[in-house]
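These notes concern the structure reproduced below.
The values are calculated or read from the model by the stated rules, or taken from the named source; none is laboratory data. Remember, predicted model here, so these are calculated numbers, not experimental data. Quick reminder, even Gly has a Cβ in these numbers, built from the backbone with ideal geometry, and neighbours come from all protein chains shown.
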Amino acid sequence: MSYYFKFLSLIILFCYLPLALAINDTQYLNSPEHQFWFAIDDLPEIELVFEEAQWQLLLTSSSSERQEVSGSFVFIKNNQRFQLDNIGIKVSGNTSFVLPEKDIGEYVQANFTLDFDEFVDDQELSGISALKLKRFHNDPSYVREPLSNQIMQNFNVWTAHSSTYTRVNIKIGNRDSVYFGVYRLNESVNRHEYLDKRFGKDNDGGFLWQGNYKTWGKAHFSRITEQWQGVGDFDDASFEYKGKGKKYEEGYAQLVEFAKNITELQGDEFEAYVDKHINTDLLLKGLAAEAVLGHWDGFWGNGNNYFVYFDEAEIMHFIPYDTDNTLGTSEIVEDSGVQDPTNFASAENTPLLVTKILAIDKHLQTYQEYLLSLVTQTDLMVESYAVSWIEKVHALITNAIDNDTGDNVIIADQTASWGNQPDYRIFDVNQVKSNEKNWYQTRLNAVNKVLGLSESVFVKVYYRGDSNQWQSSLMTEREVNIWTITINTDAGSGLGFKFDIFDDWQENYGDDDNDGLLERSGGNIILSQGQGEYLITLNALEKSYVVEKLNDSLLSDDELLTPEVSIADNPADKSFDTANNNENIEQTPLVLIAPTANAGSDVEVYVDETVHFDASLSTDTDGQIIQYQWSNGLDGMSFSTLFSKAGTYQIALTVTDNDQQVASDSRTIVVKELESNDSLSDTNQTSTDTLNSDNVTDEATNNNVENMPSNPKSGGAISWLFCLVIAQFLAQRRIFSLKQNLQKHNK
């Protein structure tokens, strides 16, 4: 590429990037202003104060007509009190709408929307002018929406709103204050501060729409025409305009045009259009999160509960919303846990946009990578992270959920009562019984299945036998469907054992024929080689097992670090008298063999490209590996992660076996910045050897400009015009130079 075209490309790239991209990260989450409201380790207190007349007016609201009344707002955090007066308060919710008082003094938990600036212009507190207070109705776990949104934010679905916890009191006139209990404290999407944090103040003048399944049905773009009345700035619209009347006609025309192109364009034209007008990476992450979290009541599953924002460069950004019907609460689909994550909804419920985007190979491949990351990356929807997160939240709120309304006063690992799958468990996973299902393992298996990877037959397997008095010993899934445990028998124990699946004998396996194949509720498996140390391996897929005797030790697990006693006579002979047969006992040192660690091969990747870590090739010849630790703070046999900065990273793996022997290995990850030339079309390459003075045209002037946004407002009209002038000038200089050279050549 010539100097001029290189410089021209860099100028265009420099000018284009501010227009095409939003802020695209979640840095705002850690700002003091945002943490003031949404720190997950705090439990602040909110008091809503009403005059009696305003409260009575509020109680005249209905699900179709909401009364917004005046009240005072008090926020108490770290023993500090913050007060705003004359804010707007209304009861909110669609199917969850309920009034906060039935008869006088009979209070009910209800959802509230708080508008700080409804009656006082520009009133705000710590950068916030509106909040949502949502009760934990139909979520006895008290975690589904906050945890789902936390996982999405960890996954850099940077448009997901924050959702944390607060205590709510209500004071009405001269009545005593009423404690309404623990609520979700949700960030409001319909506000400039929400847009400013994610898109920047120079890109908050676009058009925000909320998609809801309301009077006009599902919010599918393919339903939008100029004649369809489901688009509007009214509450019952399927696509509800959230610009409060400003520039509605312009936003409406843009939405109709977008929907027409999404519906009618095909093939390469469709692909080019969505790549130009949709933040496809964000959309694919959002769709993957909906599918893996089981958000059947969202955009993909039900044409419901989402927003889209068309920024000033006319790029659509997806915003997931209202994620409380997730993590096992299932409806519409037969079973959200086993549902194919690449066909998450039925054909009639799947938006045409989803069908067409996932039909593009590059987008399907990216989507599948995101699915795998969500069920393997350690801070996403994996059991260890989610259960730990839930335990911390429960410790924070447990003593505060009892309240004066009597609503939602018990924390339980249950789904919504109206769901079609009542047996999923999300935090009581160690006590899962035969009729219950581990949500994380079920969803992991569903992803593995659709990606062609092995899926685990059992969530857990327990060893029970004479060696542990028929108690439960959890086996280790060393690789998918291969479970192992090392056990010791001594002279005082028998030699039988079985495999138990749910730790309650409801599903157990033994061997009736002593042929290495398991039968359900079969007979005890006998260790035919007598007392000693054994490695027992179960192949859950084939329902087979292997018993390998490691040594003849009569010692317990704790004593294996002391010298081994080797007995020449049959150790199973209980009449053997060691006191009278000292000549048959010899002391031999116990040699423990360290495992072998394998961290994987070195790789080169680009910034924000997924890197998969897999330690499954690590081995241990005399036992089993029980712990995998990585120097980047993660643990587990395998996971995927991203590197956000260029550089060379040395990631060390340390494995520990059941004898507490350790081994280490490392791999090098070279992370490179995506060079500007990598993103430019090959059409920038122009060979002067084939040019003549007749075919030198102004094509260079249009090179790389045709893909620019048609409405490049986010970078500012002046700066954009400046960039175009420079690009035009350089292109003309290059054309003039080419013509001169060709004229000289022709002479």
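Observations on the structure shown:
- As a summary of the residue check, Lys276 satisfies the conditions (1) in a helix (DSSP H, G or I); (2) within 28 Å of Thr329 (Cα to Cα) except for the one numbered (2).
Per-residue answers, yes or no, for (1) in contact with a Phe, Trp or Tyr (Cβ under 7 Å, 6 or more places away or on another chain); (2) crowded, with 22+ Cβ neighbours inside 10 Å:
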{"residue": "Thr113", "(1), (2)": "no, no"}
{"residue": "Glu118", "(1), (2)": "no, no"}
{"residue": "Asp121", "(1), (2)": "no, no"}
{"residue": "Leu125", "(1), (2)": "yes, no"}
{"residue": "Lys132", "(1), (2)": "no, no"}
{"residue": "Asn149", "(1), (2)": "no, yes"}
{"residue": "Phe155", "(1), (2)": "no, yes"}
{"residue": "Tyr165", "(1), (2)": "no, yes"}
{"residue": "Asn169", "(1), (2)": "yes, no"}
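- Restricting the first member to the stretch 222-239 and to residues that are closer than 19 Å to Thr263 by Cβ and touching a residue at least 12 places away in the same chain (Cβ under 8 Å), and the second to residues that are among the hydroxyl-bearing types (Ser, Thr, Tyr) and surrounded by 15 or more Cβ atoms within 10 Å (Cβ to Cβ), the beta-carbon pairs closer than 6 Å and six or more apart or on different chains are Ser222/Thr263; Gly230/Ser238.
- For the stretch 161-203, the set of residues classified as in contact (Cβ under 8 Å) with a residue 24 or more places away in the chain and acidic (Asp, Glu) consists of Glu187, Glu193, Asp202, listed by residue number.
- Among the candidates Glu52, Glu101, the residue that is surrounded by fewer than 18 Cβ atoms within 10 Å (Cβ to Cβ) and of a type in the set (Asp, Glu) is uniquely Glu52.
- Residue check for Ala386: of a type outside the set (Val, Ile, Thr), surrounded by fewer than 19 Cβ atoms within 10 Å (Cβ to Cβ) and at pLDDT 95 or above: no
- Of all the residues in the stretch 93-105, those that are closer than 14 Å to Lys171 by Cα and either assigned to a strand (DSSP E or B) or of a type in the set (Phe, Trp, Tyr) (or both) number 1.
- For the stretch 593-632, the strands (runs of 3 or more DSSP E) that sit wholly inside it and include 2 or more residues that are modelled with pLDDT of 80 or more and of a type in the set (Val, Ile, Thr) are 603-606.
- Flag for Glu290 being assigned to a loop (DSSP other than H, G, I, E, B) and in contact (Cβ under 8 Å) with a residue 12 or more places away in the chain: no
- Tally of residues being over 23 Å from Glu383 (Cα atoms) and surrounded by fewer than 19 Cβ atoms within 10 Å (Cβ to Cβ) across the stretch 623-642: 0
- For the stretch 396-450, the set of residues classified as among the basic types (Lys, Arg) and either under 17 Å from Arg144 (Cα atoms) or touching a strand residue (DSSP E or B) at 6+ places or on another chain (Cβ under 8 Å) (or both) consists of Arg425, Lys437, Arg443, listed by residue number.
- First in the stretch 445-467 and closer than 16 Å to Ala540 by Cα, second anywhere and assigned to a helix (DSSP H, G or I), Cβ under 7 Å, 6 or more apart: Ser454/Asn448; Glu455/Asn445; Glu455/Asn448; Glu455/Lys449; Ser456/Gln441; Ser456/Asn445; Val459/Gln441
- The stretch 246-283, residues that are of a type in the set (A, V, I, L, M) and within 16 Å of Gln227 (Cα to Cα): Ala253, Leu255, Val256, Ala259
- Residues (in a loop (DSSP other than H, G, I, E, B) and at pLDDT below 95) located in the stretch 165-205: Asn190, Arg191, Gly200, Asp204, Gly205
Each row is one residue, and each column tells you yes or no for (1) within 21 Å of Asn349 (Cβ to Cβ); (2) at pLDDT 95 or above; (3) over 16 Å from the mean Cα position of the chain (by Cα).
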{"site": "Lys246", "(1), (2), (3)": "no, no, yes"}
{"site": "Val256", "(1), (2), (3)": "no, yes, yes"}
{"site": "Leu293", "(1), (2), (3)": "yes, yes, no"}
{"site": "Gly303", "(1), (2), (3)": "yes, yes, yes"}
{"site": "Ser336", "(1), (2), (3)": "yes, yes, no"}
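- Scanning the stretch 106-140 for residues that are among the aromatic types (Phe, Trp, Tyr) and part of a loop (DSSP other than H, G, I, E, B) returns Phe116, Phe119, Phe136.
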